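Colleague: Structure in structure tokens, see below.
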Amino acid sequence: MKRKNLIAKRKVKKNFLSIKDPKIEKLYKKFEEVISKNIKKNNFALAVSGGADSLCLSYFSKMYSKKFKNKMHVLIVNHNIRKESYIEAIKVKKILLKKKIKCRILVWKGKVPKSNIQGKARDLRYQLLANYCSLKKIKYLITAHHKDDQIENFYIRLLRGSGVTGLSSMSEIINYDKNLKILRPLLRIKKKELKHVTSNYFGTYIKDPSNEDKKFLRVRIRQFRKDMEKEGFDDTKIIKTIDNLLSAKKAIDFYKDKALYKHVTFLSKNNCVVNAKIFSEESKEIIFKSFSDILSLISGTYYPPRSIKVLNLINRIKKMKYNKSTLGGCIIEKKEDFISISKEKKSKLLITIGK
């Protein structure tokens, strides 16, 4: 290669990695700090919906992968819940390709949910992403959850009467299963800051119409947030509360893990037995957290069933007449002094991986 061309290539690379906007540079450094201490130079995947937050994530991830030589897999999910899903996925792909960001579209081929649409769409999305990561032996999945998501989750769970675990909301990194970790490097960045980055780099993003639909609780929470800010309960105080609750959650998890080791025997990844002594020897919160984690582990789902459903299950199991029930993709049976929890048999996950 001629010296002139080599210099030109180096210049392009240097220009790509240098950010002219000091505000964007500061935000990228926050992102890089989280990624570098967790992923380092490992390959990773990221989920992109086309919103301002996820497009910003793709830009920062491209910067990081170029700098540290990571291989990144950019994934768009089309779960076919809305008629516009396919068209939107293609639009997102075109936006990314204009910036030379290669991506794949994952298409859901199973039944389309008719109720609890947002919750089930989220579960389908994670199933598709996790399945792809498993096929490609990818250990890290990055999502675009940000500061506003964290605060909205806190309010939603507060309204539902969640305990410490629920109110502590999202952690920076968490195990999806034994082979995949989910990382959220944007949790300390506000959505409006992410919009600033995306508008400057991509010049556009996809607006989700459900974000304006007041039939969804999350949309109504946004107005509630504004009202609470007027009363002095601002974002800074909420984040401080979440951090304090997260510290308490870590303590609970320590004792929960001890309880699982003492009372639970995993016969396989899809089946375990729980000694009924857990009800007399452990506190209410430890019992609740143990069953939530078991149901999530056995079913293979990222999110456990809602708190009220788990509590109702525990109360039913304690009764003498309890025999058998299902919850969160699990079959729960009581056999003398033990509770058997096994995974429900369901149709195999069907996906199409686009180019």
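Yes/no per residue for (1) surrounded by 13 or more Cβ atoms within 10 Å (Cβ to Cβ); (2) among the charged types (D, E, K, R); (3) under 16 Å from GLU333 (Cβ atoms); (4) in contact with a strand residue (DSSP E or B) (Cβ under 7 Å, 6 or more places away or on another chain):
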site	(1), (2), (3), (4)
LYS240	no, yes, no, no
TYR261	no, no, no, no
VAL273	yes, no, yes, yes
ALA276	yes, no, yes, yes
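Colleague: Of everything in segment 210-256, what is without any contact (Cβ under 8 Å) to a residue 40 or more places away in the chain, assigned to a helix (DSSP H, G or I) and over 18 Å from GLN150 (Cα atoms)? Give them in sequence order.
Modeller: Correct list: GLU212, LYS230, ALA251, ASP253, PHE254, TYR255, LYS256.
Colleague: Take segment 292-340 and flag every residue that is assigned to a loop (DSSP other than H, G, I, E, B) and either touching a helix residue (DSSP H, G or I) at 6+ places or on another chain (Cβ under 8 Å) or under 20 Å from LYS120 (Cβ atoms) (or both). Break it down into steps so the answer makes sense when it comes.
Modeller: Taking segment 292-340 and keeping what is assigned to a loop (DSSP other than H, G, I, E, B), we get 300-306, 319-323, 328-329, 336-337.
Result: GLY300, THR301, TYR302, TYR303, PRO304, PRO305, ARG306, TYR322, GLY328, GLY329.
The rows are residues; the columns are (1) surrounded by fewer than 15 Cβ atoms within 10 Å (Cβ to Cβ); (2) closer than 16 Å to ILE174 by Cβ.
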| site | (1), (2) |
| --- | --- |
| LEU297 | no, yes |
| VAL310 | no, no |
| ASN315 | yes, no |
| MET320 | yes, no |
| LYS324 | yes, no |
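Colleague: Let me ask another. Name the residues in segment 62-101 that are of a type in the set (Phe, Trp, Tyr), surrounded by fewer than 19 Cβ atoms within 10 Å (Cβ to Cβ) and at pLDDT 90 or above, would you? Before the answer, list the steps.
Modeller: Of the residues in segment 62-101, the ones of a type in the set (Phe, Trp, Tyr) are 64, 68, 86.
From what is left, the residues that are surrounded by fewer than 19 Cβ atoms within 10 Å (Cβ to Cβ) are 68, 86.
Scanning segment 62-101 gives a single hit, PHE68.
Colleague: Just one of ILE206, ILE156 is out of contact with any Gly (no Cβ under 8 Å at 6 or more places or on another chain) and either at pLDDT below 95 or not in a helix (DSSP H, G or I) (or both); which is it? Don't jump to the end; show me each part of the working.
Modeller: Details: ILE206 fails: out of contact with any Gly (no Cβ under 8 Å at 6 or more places or on another chain).
Exactly one residue qualifies, and that residue is ILE156.
Colleague: Shifting gears a bit: Is it the case that segment 179-196 has a residue that's over 23 Å from LYS40 (Cβ atoms), part of a loop (DSSP other than H, G, I, E, B) and either out of contact with any Phe, Trp or Tyr (no Cβ under 9 Å at 6 or more places or on another chain) or not β-branched (Val, Ile, Thr) (or both)? So that I can check it myself, show each step before the final result.
Modeller: Taking segment 179-196 first, the residues over 23 Å from LYS40 (Cβ atoms) are 190-196.
From what's left, part of a loop (DSSP other than H, G, I, E, B): 190.
Still in the list and also either out of contact with any Phe, Trp or Tyr (no Cβ under 9 Å at 6 or more places or on another chain) or not β-branched (Val, Ile, Thr) (or both): 190.
There is at least one residue in segment 179-196 that is over 23 Å from LYS40 (Cβ atoms), part of a loop (DSSP other than H, G, I, E, B) and either out of contact with any Phe, Trp or Tyr (no Cβ under 9 Å at 6 or more places or on another chain) or not β-branched (Val, Ile, Thr) (or both).
The values are calculated or read from the model by the stated rules, or taken from the named source; none is laboratory data. Everything quoted here is computed from the prediction, not taken from an experiment. Every residue, glycine among them, receives a Cβ derived from its backbone with ideal geometry; neighbour counts consider all protein chains shown.
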